[in-house]
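Below is one structure, written out as structure tokens; the observations come after it.
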Amino acid sequence: MLRPIKDFFPSEEYPDLLAGINQPDDAALWKLDEQRGLAITTDFFTPIVDDPFDYGLIAAANSLSDIYAMGGTPFLALNIAAFPPQLPVEIAAEILRGGAEKAREAGVVIAGGHTIQDKEPKYGLVALGFVPLDHILTKSGMQPGDVLLMSKPIGSGVISSAIKAEKIQPEDAAETIEWMKRLNQDAASLAVKHGARAATDITGFSLLGHAWEMAEASGAGLRFNFDAIPLYPHTTRLAGEWCFPGGTFNNAEFFGPHIVFPEKMAKEAQMILFDAQTSGGLLFAVPSEEAGQCEKAAQKESIPLWRVGDVTESGIIEII
């Protein structure tokens, strides 16, 4: 879809555009001065949980995540929403209240927005943030030998699909919902402090899809230890019932040719790694000499963090 406009804004004519259409990064980035860049992003989606307030919280956390993935600090946002005309005003208000509460937690001001009518509710944010130019996190900076760290479990697509299909009890989905409401603020701070060379947030393209974007942009390969990758509770059971969203199958088809799985790895286990995520964690690469200190700092500050693999020269993604 972007092919017709890819040459409309050549980089040589816009030297202050540090990340745009031609880069696979999580947000656009515009140079403001010699110290700072302005990151701009937008994201919105249909409800994945039943509670409208939780939906607003999750959607806002998800929207702000792209700023954190660039190493930035969000400060301003606009609501973007679509509501059916028959939706009770109280429900729409709770969605917007959830978004506002999460924005305030992040130190972000919601200054307005735009709403249209649609058949199904949709909500998210346009978010802006400042990025220090000497600490930009992109997808293209990984180097062989770097260590891969991840800040949230995966499996939210499985759990969300199970909620819609009524295959999981509310109390069993509660922990996943709490994770999706969590900001990536602390993880981004850790990444920057410990010299991360590349980062992304894990969302609709899945862990392996976003990892492949990083590998391709960096001209490197990745090696993941499957047993080290954290999963949300009940993900394995529900995956065994093939409770996946449609996006997961699209991810497997598109990114699958770049992945090498163990010969005896169950198909449903492979699919978990292609599971389309909502408000997922950060995946970032730090130099090997910084990895231990980063993990110690995370433990000291009670910031969730998992070492899940490393960067290689192979040009492929290998699961071991």
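The values are calculated or read from the model by the stated rules, or taken from the named source; none is laboratory data. Bear in mind the structure is a predicted one, so any value in this text is a computation, not a measurement. All Cβ positions, glycine included, derive from the backbone under ideal geometry; neighbour counts span all protein chains shown. All accessible areas refer to the heavy atoms of the entire protein, side chains included, with ligands and DNA or RNA removed. Shrake-Rupley method; radii C 1.70, N 1.55, O 1.52, S 1.80 Å.
Below is a table of values for the structure above.
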| read-out | value |
| --- | --- |
| Residue within the range 46-57 that is closer than 17 Å to residue 281 by Cβ, small (Gly, Ala, Ser) and modelled with pLDDT of 95 or more present | no |
| Which numbered condition residue 189 misses (of (1) closer than 24 Å to residue 233 by Cα; (2) assigned to a helix (DSSP H, G or I)) | (1) |
| Criterion: of a type in the set (Ser, Thr, Tyr), touching a strand residue (DSSP E or B) at 6+ places or on another chain (Cβ under 9 Å) and modelled with pLDDT of 95 or more - qualifying residue of 203, 176 | 203 |
| Residues of the range 145-170 satisfying the condition of being of a type in the set (D, E, K, R) and out of contact with any helix residue (DSSP H, G or I) (no Cβ under 9 Å at 6 or more places or on another chain) | 164, 166 |
| Of residues in the range 156-201 being acidic (Asp, Glu) and within 27 Å of residue 104 (Cβ to Cβ), the one farthest from the chain's Cα centre (by Cα) | 175 |
| Residues of the range 201-211 satisfying the condition of being of a type in the set (A, V, I, L, M, F, W, C), touching an Asp or Glu at 6+ places or on another chain (Cβ under 8 Å) and either assigned to a helix (DSSP H, G or I) or under 21 Å from residue 289 (Cα atoms) (or both) | 207 |
| Residue within the range 219-231 that is within 24 Å of residue 131 (Cβ to Cβ), at pLDDT 95 or above and open to solvent by less than 40 Å² (accessible area, probe 1.4 Å) present | yes |
| Count of the range 33-50 residues which are over 21 Å from the mean Cα position of the chain (by Cα) and either in a helix (DSSP H, G or I) or touching a residue at least 60 places away in the same chain (Cβ under 8 Å) (or both) | 4 |
| Number of positions in the range 227-269 that are in contact with a strand residue (DSSP E or B) (Cβ under 8 Å, 6 or more places away or on another chain) and farther than 20 Å from residue 315 by Cβ | 7 |
| Selected residue (only one of 91, 95, 67, 58 is assigned to a helix (DSSP H, G or I), open to solvent by 50 Å² or more (accessible area, probe 1.4 Å) and either in contact with a helix residue (DSSP H, G or I) (Cβ under 7 Å, 6 or more places away or on another chain) or touching a residue at least 12 places away in the same chain (Cβ under 8 Å) (or both)) | 91 |
| Flag if residue 209 is in contact (Cβ under 8 Å) with a residue 12 or more places away in the chain, open to solvent by 20 Å² or more (accessible area, probe 1.4 Å) and not charged (D, E, K, R) | no |
| Qualifying residues in the range 1-28 (those that are over 30 Å from residue 119 (Cβ atoms) and outside any loop (DSSP other than H, G, I, E, B)) - the one least open to solvent (accessible area, probe 1.4 Å) | 19 |
| Filtered residue count, the range 76-88, keeping only those that are open to solvent by 60 Å² or more (accessible area, probe 1.4 Å) and touching a strand residue (DSSP E or B) at 6+ places or on another chain (Cβ under 6 Å) | 2 |
| Selection within the range 29-46 - surrounded by fewer than 21 Cβ atoms within 10 Å (Cβ to Cβ) and within 18 Å of residue 82 (Cβ to Cβ) | 42, 44, 45, 46 |
| Strands (runs of 3 or more DSSP E) contained in the range 234-320 and holding at least 3 residues open to solvent by less than 30 Å² (accessible area, probe 1.4 Å) | 282-286, 306-312 |
| Flag if residue 129 is at pLDDT 95 or above, open to solvent by less than 10 Å² (accessible area, probe 1.4 Å) and part of a strand (DSSP E or B) | yes |
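To keep it simple, each residue is scored yes or no on (1) touching a residue at least 24 places away in the same chain (Cβ under 8 Å); (2) crowded, with 24+ Cβ neighbours inside 10 Å; (3) part of a loop (DSSP other than H, G, I, E, B).
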{"site": "152", "(1), (2), (3)": "yes, yes, yes"}
{"site": "171", "(1), (2), (3)": "no, no, no"}
{"site": "199", "(1), (2), (3)": "yes, yes, no"}
{"site": "213", "(1), (2), (3)": "yes, no, no"}
